[in-house]
Amino acid sequence: MKIVIDANLIIASYWNKKSNSYKVLNDILRDKYDLYYTEKIKNEIFYILDNIKAKKIFINKVKILFKKANKVTPHKKINLIRDDPDDNKYLECAHKVRAHFIISNDRHLLEVGKYNQTNIVKPSIFLKKVG
């Protein structure tokens, strides 16, 4: 199953090891899903982790996550999310790979709900749908 995750899922995982975000993160690390990302997504995640002074052990976990993930370069510019245009990078990535899900806690993405074939859901909903 092809998925894209947003930066706040990683940050939520850092702050709460009992969260659904953390469960999704660990499932990806166990190769349960195929994660896709772009350079912009990766850069945002490490920028935020640096800003919050995340512990090295967690940063290393995220580095492993990206080693397992599939880097893509989107060719279609999407401007659907106007309130936070930077979030469009997740739609561009999902569109490129025809992802099944974008997993997010971000209201701008969640308000879209679905983009082409990609469902945009919270981690809790994702876990319920995929069992």
Charge sum, other residues only, whose C-beta stays under 11 Å from ILE103's C-beta, Lys/Arg counted +1 and Asp/Glu -1: 0
Among GLU44, GLU92, GLU111: highest mean-square fluctuation, GNM of the chain, C-alpha pairs under 10 Å: GLU111
Local electrostatic count, ALA7, Cβ distance below 13 Å [Lys/Arg +1, Asp/Glu -1]: -4
Highest-MSF residue in the chain out of ASN88, ASN43, ASN105 [GNM, Cα springs under 10 Å]: ASN43
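Can you give the relative contact order of the chain as a percent, counting alpha carbon pairs under 8 Å and 6+ residues apart? If you can, show how the numbers build up before the last one.
Working: 198 pairs, mean separation 39.6, N = 131.
About 30 percent, as a whole number.
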At 0.692 mPa s and 37 °C, Stokes D of the chain from Kirkwood alpha-carbon radius, µm² per second: 225
15 Å beta-carbon shell around ILE125, net charge (K/R +1, D/E -1): +2
Fraction of antiparallel bridges per DSSP, the chain only, in percent to nearest 5: 15
In order through the stretch 19-36: 3J(HN,Hα) via Karplus (6.51 cos²θ - 1.76 cosθ + 1.60), integer Hz, x for Gly, Pro: 6, 5, 4, 5, 4, 4, 4, 5, 4, 5, 5, 8, 6, 6, 9, 9, 8, 10
Across LYS76/LYS129; LYS55/LYS77; LYS96/LYS122; LYS18/LYS71; LYS17/LYS67, pairs whose alpha-carbon gap is larger than 31 Å: LYS55/LYS77
The stretch 1-42 residues near the modelled LYS53 label - backbone nitrogen below 16 Å, point 7 Å along Cα→Cβ: 15
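Computed from the coordinates by the stated procedures, all read-outs in this text should not be read as laboratory data. Keep in mind the model is a prediction, meaning the values are calculated, not measured. When we count neighbours, we look across all protein chains shown, and the Cβ atoms used for this are built from the backbone with ideal geometry, even at glycine.
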